[in-house]
Amino acid sequence: MLPLFPLKTVVFPNENLNLHVFEPRYQQLVEDCTRHDRTFGIPAFFNKKVQGYGTEMRIIEIVKKYPDNRMDIRILAERIFRIDSFSNPMPDKLHAGGQVTFLETIDDTFVGQRLEVKEKVFELYGILGLEIKIEVEEDFLSYRLGHQIGLSQEQELELLILLTESQRLDYLVQHLKKSIPVVREMERTKERIRMNGHFRNFKPPLNF
């Protein structure tokens, strides 16, 4: 039975989060996990419901505790899980919990696939005039890029529950192939809007 802290976000493995905990039920969760060296889960919450998957979190540090028991904590994402049963609240607790199954993720990629993702991300960021650093050798590159290429929450959840890195990177490439032309056209439109009303040097047709 894993204590659960639903949030309106998808958390990827190896992601660091800073949380401000102010509700008594989640203060209880943090205190229990700290006292017994336990982990808890963050399932994604959107469309007015807890989704069926989430990520196990480990408390790294209680950064600050306030006189009214609010606290700032630093946490690290570990394993992905599927919720098999959900209880709100857990027995004898203020917060929710659930029976979960942890899912194994596999890094089965090759250099060519990682390079294709890198090139597409660089193309997107180049259109936007932004910079990003990508290490092709980085393990589970898909998780690091999951929040950085404009995926919706639903798409981030779809990415989270793909269990092989090759599937996840292919998912990112397909998304980028669809979104890059749209972003390029949006940037062109913005440029046309910026130019509207400014003095421009138009060349008349040669036969006038």
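Rule-based calculations on the coordinates, nothing more; no lab input. Model, not experiment: these values are computed from the prediction. Please note: Cβ atoms are built from the backbone with ideal geometry, for glycine as well, and neighbour counts cover all protein chains shown.
Just a few scattered comments:
- In a fully extended conformation the segment linking Glu191 and Ser87 would gain 32.3 nm over its present Cα-Cα distance, using 0.36 nm per residue.
- Charge dipole of the chain (Cα centre as origin; +1 on each Lys and Arg Cβ, -1 on each Asp and Glu Cβ, all else neutral): 1140 debye, rounded to the nearest 20.
- Lysine pairs in the stretch 111-195 whose alpha-carbon atoms fall under 20 angstrom of each other, counting only those eight or more residues apart or on distinct chains, come to 8.
- Label selected from [x] 18.1; [y] 16.4; [z] 19.8, the criterion being Kirkwood radius over Cα pairs in Å as computed here: [z]
- Degrees, to the nearest 10: 24-36 long Cα axis against longest axis of the chain: 70 degrees
- The mean sequence distance of close C-alpha pairs (under 8 Å, at least 6 residues apart), as a share of the length of the stretch 2-103, puts its relative contact order at 33 percent.
- Relative contact order (percent, whole number), the stretch 111-195, Cα cutoff 8 Å, 6+ residue spacing: 41 percent
- Label-point gap, in nm, between Ile127 and Asp32 - each point 7 angstrom along Cα→Cβ: 4.7 nm
- Taking trypsin sites (Lys or Arg not before Pro) in DSSP loop states with no more than 11 other Cβ atoms inside 10 Å as exposed sites, the chain has its longest site-free stretch at 49-132.
- Using only side-chain charges placed at the Cβ, +1 for Lys and Arg and -1 for Asp and Glu, the dipole size of the stretch 1-56 relative to its Cα centre rounds to 280 debye.
- For the chain, the 222 nm mean residue ellipticity estimated from helices alone, with every DSSP H stretch of n ≥ 4 adding -39500 (n - 2.57) and the total spread over all residues, rounds to -12000 deg cm²/dmol.
- Among Cys33, Val121, Ile59 the positive-end extreme of the charge dipole of the chain (Cβ point charges): Val121
- For the stretch 56-118, GluC sites (Glu not before Pro) meeting the loop criterion (DSSP other than H, G, I, E, B) and having at most 11 other Cβ atoms within 10 Å: Glu104.
- Within the stretch 105-170, chymotrypsin sites (Phe, Trp or Tyr not before Pro) in DSSP loop having at most 15 other beta-carbon neighbours inside 10 Å: Phe110
- Extension gain, Glu158-Val173: 0.36 nm per intervening residue step, less the Cα-Cα distance, totals 4.0 nm.
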